[in-house]
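Before any comments, here is the structure.
The values are calculated or read from the model by the stated rules, or taken from the named source; none is laboratory data. Bear in mind that the values here come from a model prediction, so they are computed numbers and not experimental data. Quick reminder, even Gly has a Cβ in these numbers, built from the backbone with ideal geometry, and neighbours come from all protein chains shown. Quick note on the areas: whole protein, heavy atoms, side chains included, nothing else; ligands and nucleic acids left out. Shrake-Rupley method; radii C 1.70, N 1.55, O 1.52, S 1.80 Å.
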Amino acid sequence: MTDDRETSHNQGPTTVNRMADLNMPLTSAAGLFTANAPKVTARDVTVHYGDKQALFGVSIDIPEKSVTAFIGPSGCGKSTFLRCINRMNDTIPICRVAGEILIDGADIYDRRLDPVLLRARVGMVFQKPNPFPKTIYENVAYGPRIHGTTASRQELDGVVETSLRKAGLWDEVKDRLDQPGTGLSGGQQQRLCIARAIAVGPEVILMDEPCSALDPIATARIEELIFELAANFTIVIVTHSMQQAARVSQQTAFFHLGHLVEYGATEQIFTAPSDKRTQDYITGRFG
Amino acid sequence: MIALYFVLTALVAISAFAVGRARSQRLKVAGVRLHSLPSYHGLFLAAICTVPMLLAVAAWTPLAPRYVEARAVAALPEALQPATGLEHDARMREIVMAAEGRAQAPSPEVAEAGRAYVAAQTTSKTVLLVAGILAALAAFSWGLPRISADFRARNRFEALTLWLLIACSAVAVLTTIGILFSVMFETLRFFQRYPWWDFLFGLQWSPQTAIRSDQIGASGSFGAVPLFVGTSLIMVIAMLVAGPVGLFAAIYMSEYATPRFRSLAKPLLEVLAGIPTVVFGFFAALTVAPFIRRTGEALGLSVASESALAAGLVMGVMIIPFVSSLSDDVITAVPQSLRDGSYAMGSTKAETIKRVILPAALPGIVSAFMLAVSRAVGETMIVVMAAGLAGNLTFNPLEAVTTVTVQIKTLLTGDQEFDSAKTLSAFALGFVLFFFTLTLNVIALRIVRKYREQYD
Ligand SMILES: Nc1ncnc2c1ncn2[C@@H]1O[C@H](COP(=O)(O)OP(=O)(O)O)[C@@H](O)[C@H]1O
Ligand SMILES: [Mg+2]
């Protein structure tokens, strides 16, 4: 796994060349990403489910260590695109992905790359909290165990604690690590899932409507957490709530009917959208 | 005549339905807003007409033979009146034979009684028919005027349906309780003759009791431990086959197989459960047992021609579908979100199955195993045919053993007095078996229920 990661870093210089080669115009203002370098780069990504096309040539640069929100009406392909970034679509037999997605300049759809290793670098949090029916400890220790990243029990204990701390759950569960994760409240379960994802040491965390099953207070906690996590991770979040996108994200991408319609700084998207469809969506005309 | 009665009942039902529906339909056409749909009015009328008819026949069935017999016996002269129950039965046989013309009546008086018998039968059937028709008419004339706009025919009919459902479940429950009690009473009778601790813990099983009191060495010994050991031995062998094979088949089916293969293989596997056990039995006795003996001999082992191993292996094959089908169901029931969660952490399919899916499905798998065990323990035919009858107390799978079920079958077949210790011991064995499988089933069902709550 480490080998792979190194290869991807070594490809740094090639990235520049490739990007120059591709030289595709992005949907929106190019001078947007002054702060951070792109972590994930997608070019002309097209997805079919069987005969049905779900995504039409999506190209996007997602800057590292920031929060990027995907918004758009249901069924417009937000989840589909998110699942391309960690190749979760590979688990759906009828799903075909074309185009190019690079992380740190390395093609993640390269034949030689094992999606299993990719997913250690790109964590994911789902819409409905899905802790395993194991103890809280075992939930968080799951990733380090399968990837063999910790050498001793002490080290594993350390990883579990740090992950739970980063997910803001440590104080609530430190006395009951041996109790089932399924016994926690919805919001706690979702933070447990975040801790579980963090424990593998990912670079990117994908979140697919992580708050849609939670009450407002739990939602506020998760949003706060997302904000904190952005200091260390590249976060991509799909959300149904425009307020949430406005609160947590630095960039927002608006999808519609499988197309990436508009992408830019969150503030700009919400105050001065350039596309009519974006404007309609934001003003609640449809969705 | 009775067939006629049921045809009549069906006709009554159909016509009452038609009348009820037509009547309410007419109201509706007339512009009245009905509470219930016309077909509910029809169903309600049909139900209240047929229920009394069915009740009449239900009451008539046990009463009619008594009435008929009483009339026949009453027709006999004083001298021929039976004094004892035995005599009564013998006399009735003569009368019935004479009445049905199957044999010459031994005396004109009996022939006379035979005629009385036939006459009484005709009377009783006529009474039934008339009573049924009257009941139906009464119900009809009570129900028809009730059809009106506000009549809650749907609610009434649904209440009647509810009672029907309750009656059906009562039959199932009461039968179980009835069987349990009858077995329990016979068991208690057995324990009056034979101490229960000797039965449960005795090591010697030789149920030959004396037929004549001067016979020697045939007092009967009912220590059931060899049977319990034999049963457990075969059960363990069967589970060693069915457990892994069934579980791995279930994992393949639910996690790896393409939907096409699955839709083909799953029914095929379930056909295995439909093969009559006697077929498995002769397969065990004629193919597997000789094969095991030859293999054993080639290896220099002494193998009995009937062995626990042969019976256990075949029984294992027989219960594979029980394990695989149920396990497949519980594995499939593990939510996709858990699989996604695990894949998204970067685990492979095998890791996901081993670390997430199987632990999540474990309670269900355990109960699948328990149901399979209770099936194995209750199985008779295979063991009769392949494991032998000898009550050996042995843990060696190559020897002949016998099981609880086989002994019950052996004790109760053939001409037996039904109150000797020998036959009563069968009930005690049956009770132990019943208790064991009942316990297993209850535990299994509880686990399944608890497991369901976890995901719903
Ligand atoms: N597993 C799947 N199989 C077939 N079609 C799918 C599948 N998942 C999503 N789709 C289709 O792809 C389109 C995009 O879905 P999705 O990405 O889930 O939308 P969103 O997350 O924006 O609501 C929808 O039309 C949906 O019907
Ligand atoms: Mg979605």
For residue A:127, residues with placed amide H under 5 Å, excluding near neighbours: A:208
Protein accessible area in chain B, 1.4 Å probe - carbon and sulfur %: 68
Amide H contacts under 5 Å for residue A:132, placed H, 5+ residues apart: none
Prolate/oblate/rounded label for chain B (Cα gyration tensor, a/c 1.5): oblate
For residue B:202, residues with placed amide H under 5 Å, excluding near neighbours: B:224, B:225
Inter-label distance for residue B:445 and residue B:162, nm, one decimal - labels placed 7 Å from Cα along Cα-to-Cβ: 2.3
Helical mean residue ellipticity (222 nm; -39500 (n - 2.57) per DSSP H run of 4+; nearest 500) of chain A: -11000 deg cm²/dmol
Mean Cβ neighbour count within 10 Å, used as a protection proxy, ranking B:24-30, B:389-395 highest first: B:389-395, B:24-30
Accessible surface, the protein assembly as shown, averaged per residue in Å² (probe 1.4 Å): 49
Cα gyration tensor, the protein assembly as shown - rounded (a/c under 1.5), prolate or oblate: oblate
Pairwise burial A:B, computed as accessible area of each alone minus the pair, summed, 1.4 Å, Å²: 1600
Inter-label distance, nm, simple model (7 Å from Cα along the C-beta direction), residue B:115/residue B:171: 4.2
Contour minus Cα-Cα distance for residue B:413 and residue B:28 (0.36 nm per residue): 132.0 nm
Derived scalar couplings ³J(HN,Hα) [the range A:252-260; Karplus, 6.51 cos²θ - 1.76 cosθ + 1.60; whole Hz; x for Gly, Pro]: 10, 10, 9, 9, 8, 6, x, 10, 7
Whole-percent pair-distance distribution, where bins are 10 Å wide, for the alpha carbons of the range A:2-282: 7, 29, 35, 23, 6, 0
Under Karplus coefficients 6.51, -1.76 and 1.60, residue-wise ³J(HN,Hα) of the range A:99-108 in Hz, glycine/proline x: x, 9, 10, 10, 10, 6, x, 9, 5, 7
Under the span-like rule (Cα at least 20 Å along the axis, Kyte-Doolittle mean at least 1.6), DSSP H helices of chain B: B:225-251, B:308-333
Net lengthening on full extension, residue B:149/residue B:87 (0.36 nm per residue, minus Cα-Cα): 16.0 nm
Ordering of B:360-372, A:270-282, B:168-180 by burial proxy (mean other Cβ atoms within 10 Å per residue, highest first): B:360-372, A:270-282, B:168-180
All aspartates and glutamates inside 17 Å of residue A:65 as judged from Cα atoms, apart from same-chain residues fewer than 8 positions distant: A:104, A:203, A:223, A:224, A:228
Cα shape, the range B:371-441, gyration tensor, a/c 1.5 rule: oblate
Candidate aspartates and glutamates - alpha carbon under 15 Å from residue B:28, same-chain residues fewer than 8 apart omitted: B:150
In sequence order, calculated HN-Hα J values of the range A:263-268 (Karplus, 6.51, -1.76, 1.60; Hz; x Gly/Pro): 9, x, 4, 3, 4, 5
Stokes-Einstein D (µm²/s) once Rh is taken as the Kirkwood radius of the range B:31-100 over alpha-carbon pairs, at 20 °C in 1.002 mPa s: 133
Interface residues, the range B:335-351 - accessible area loss of 50 Å² or more versus chain alone, probe 1.4 Å: B:338, B:340, B:343, B:344, B:345, B:346
Centre separation in Å (Cα based) which lies between the range A:67-102 and the range B:264-302: 52
Between the range B:363-402 and the range B:174-196, the Cα center-to-center distance that results, in Å: 24
Filter on A:78/A:166; A:134/B:349; A:39/A:128; A:52/A:78 - keep pairs with C-alpha separation over 20 Å: A:78/A:166; A:39/A:128
Average other protein chain Cβ within 10 Å of Cβ, residues A:126-136: 4
Computed label-point distance, nm, for sites residue B:395 and residue A:92 using a 7 Å Cα→Cβ extension: 5.6
